[in-house]
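Here's the structure we're looking at; comments come further down.
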Amino acid sequence: MPKRVGIIGVGSTKFGELWDYSFRDLITEAGTKAITDAGIDGKDIEALYIGSMSPGLFAEQEHISALVADYAGLSGIPATRVEAACASGGLALREAYIAIKSGLFDIVVAGGVEKMTDVSTESAMINLMGAGDQEWEAFKGVTFPALYALMTRRHMFEYGTTIEQISMVSVKNHHNATLNPNAQFQFEVSIEDVMNSPIVADPLRLLHCSPITDGASAVILASEEKAKKLSDEVVWISASALATDTIALHDRKSLSRINSSVIAARNAYEQAKIKPKDIDFAEVHDCFSIAEIMAIEALGFCEFGNGGKITEDGETALDGSIPINPSGGLKAKGHPVGATGIAQAVEAVLQLTGRAGRRQVDDAEIGLIHNVGGSGATSVVHILER
Ligand code: COA
């Protein structure tokens, strides 16, 4: 069994409303970039894991495991699609990691893809709500912004978190995205812009929401032996943790914290034998700006209830004590749901290998990535080290 699993190559498309790209164009471009970055031959790849939430509903294409292998010129290899709503990418990364860790394969590709903008916003909302509880939430007319609005209200009530603090998450992430050439929204927003943007689900406004996005990302994983032979710049996966919670929000003990993230984070820190204070930066699942605040609390970067305060104090900014979402996050980099977990890994690898350009975090040695499915029924946490 290999001691460690490393990432030796990464690739992403631009994120946004990409009319010129079909579903297969997206993942082919991301995969080709990752293979080129790793400096390997496609023929070296032994297996493929692809995360996608709803290709059937968004792009009328199922059976994407074989499709991706086909268009990557890899037909013949075992190819598996994994799905955990918006955590599908994180889960694909974890399955690829387990496949190598088990000793079965030496070189595996993990990808994520979603082509969301070919349907109307109304259809996208209905498709996304498939990640919630159909019988108790969706059938009653609840949408994802509405679920996160409920969590927002509860966080504000329990901890005194203010809408200004939540808006500061959006301001920070839009700023970071101006430094990311692949981001969907490369423009700054002010607190006033956020607070005056149209209401989506009270108290959440347009600029508290991640957008609907097309995009794909891919990473090449290798066993320790192969990784050392193939690359001088390996990023090691020192923890991979997955946890679940109830599918419906009303069954949770708390609406102000995501317990699956708490459990996954605890397991990840145990595996990596480190504490939250050892993390140099994190890419977290800010599908709505309140979600970043709940994430940094669940991940142990501050006490529960203090996420708004440390955001306001600038601790989560690029030059703060724990930079969060240097890529621009889901809010401004974009959120092609199945690709997001892999895109987080791509950003972490760029940061850890000093290739993040103008958004480079100083002295980045250990990064954490946190990917959530639905309103928190699934959380995937990975820790990556240089
Ligand atoms: N942030 C900033 N700007 C946004 C935006 C966002 N989240 N979403 C859309 N825009 C911009 C568009 O670029 C467009 O700008 P333009 O007029 O300058 O071209 C404008 O707002 C209108 O865009 P449109 O696509 O018509 O917006 P919409 O009203 O159809 O959709 C939301 C907006 C917020 C409803 C939609 O983005 C949404 O549902 N987001 C949440 C996605 C989600 O739930 N993901 C899963 C999370 S678990």
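The values are calculated or read from the model by the stated rules, or taken from the named source; none is laboratory data. Note that this is a predicted model, so its numbers are computed, not measured. Cβ sites come from the backbone with ideal geometry, for glycine too, and all protein chains shown count toward neighbours. Note: accessible area is taken over every heavy atom of the protein model, side chains too, but ligands, DNA and RNA are not part of it. Shrake-Rupley method; radii C 1.70, N 1.55, O 1.52, S 1.80 Å.
See the values below:
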item: Debye equation applied to the C-alpha atoms of region 1-72, log10 I(q)/I(0) at 0.19, 0.25, 0.28 Å⁻¹; result: -0.88, -1.30, -1.45
item: Per residue value of the accessible surface for the chain (all protein chains in place, 1.4 Å probe), Å²; result: 38
item: Gaussian network model of the chain, Cα within-10 Å springs - most flexible of A345, A87, A241; result: A241
item: Percent carbon-and-sulfur accessible area, the chain, ignoring ligands, DNA and RNA, probe 1.4 Å; result: 51
item: Candidates S52, S217, S197: whichever shows maximal mean-square fluctuation once the chain is modelled as a Gaussian network with Cα springs under 10 Å; result: S197
item: Lysines with Cα under 20 Å of K331, excluding same-chain neighbours fewer than 8 positions away; result: K14, K115, K172, K309
item: Average Cα contact separation per residue, region 1-137, under 8 Å, 6 or more apart, as relative contact order %; result: 30
item: Semi-axis lengths, Å, region 292-349, gyration tensor of Cα atoms, sqrt of 5 times eigenvalues; result: 21, 12, 10
item: Kirkwood-based shape ratio for region 176-269, expressed as Rg/Rh from alpha carbons; result: 1.08
item: Equivalent ellipsoid semi-axes - Cα gyration tensor, region 1-147, angstrom; result: 30, 18, 12
item: Total formal charge among the other residues, if their Cβ is under 13 angstrom from that of L206, Lys/Arg +1 and Asp/Glu -1; result: 0
item: Proximal charge balance of Y71 [Cβ under 13 Å; K/R count +1, D/E count -1]; result: -2
item: Expected-Rg normalisation [2.2 N^0.38 Å, Cα atoms] applied to region 253-386; result: 0.94
item: Kirkwood estimate for the chain, i.e. one over the average of 1/r between Cα atoms, Å; result: 20.1
item: Relative contact order %, region 222-340, counting alpha carbon pairs below 8 Å whose residues are six or more apart; result: 21
item: Bridge type composition, the chain - antiparallel percent by DSSP, nearest 5; result: 75
item: Under-5 Å amide H pairs with V82, H placed in peptide plane, nonlocal only; result: I50, G51, S52
item: Mean separation of Cα contacts under 8 Å (6+ apart) over length of region 143-245, as relative contact order %; result: 22
